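The values are calculated or read from the model by the stated rules, or taken from the named source; none is laboratory data. In this text, all values refer to a predicted model and were calculated from it rather than measured experimentally. In case anyone asks, the SASA skips ligands and DNA or RNA and just uses the protein heavy atoms, side chains included. Shrake-Rupley method; radii C 1.70, N 1.55, O 1.52, S 1.80 Å.
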Amino acid sequence: MLFGSFLLLYAFAKISGFDALDIQIKGLMIIGEGLLLLVVTSVFISVQEAKKKTV
């Protein structure tokens, strides 16, 4: 989770460098990035739990 939030903050800092983008587009990109990281994190946790059960 900590790694995901770090990536989210990094993406926000990277995106905010483009002044040509509107605030709405930046917001959608940040929300999309956050949702993608949430899905990746939950899939990773599920795989780890499945590995624990088989061992």
Next item on the list: Tally the residues that are more than 19 Å from the chain's Cα centre (by Cα) and either modelled with pLDDT of 90 or more or charged (D, E, K, R) (or both), restricting the search to segment 16-47.
Entry: 2
Note to self: Against the conditions (1) under 8 Å from the mean Cα position of the chain (by Cα); (2) open to solvent by less than 90 Å² (accessible area, probe 1.4 Å); (3) at pLDDT 90 or above, where does Ser5 fall short? Just the number, please.
What the structure shows: (3)
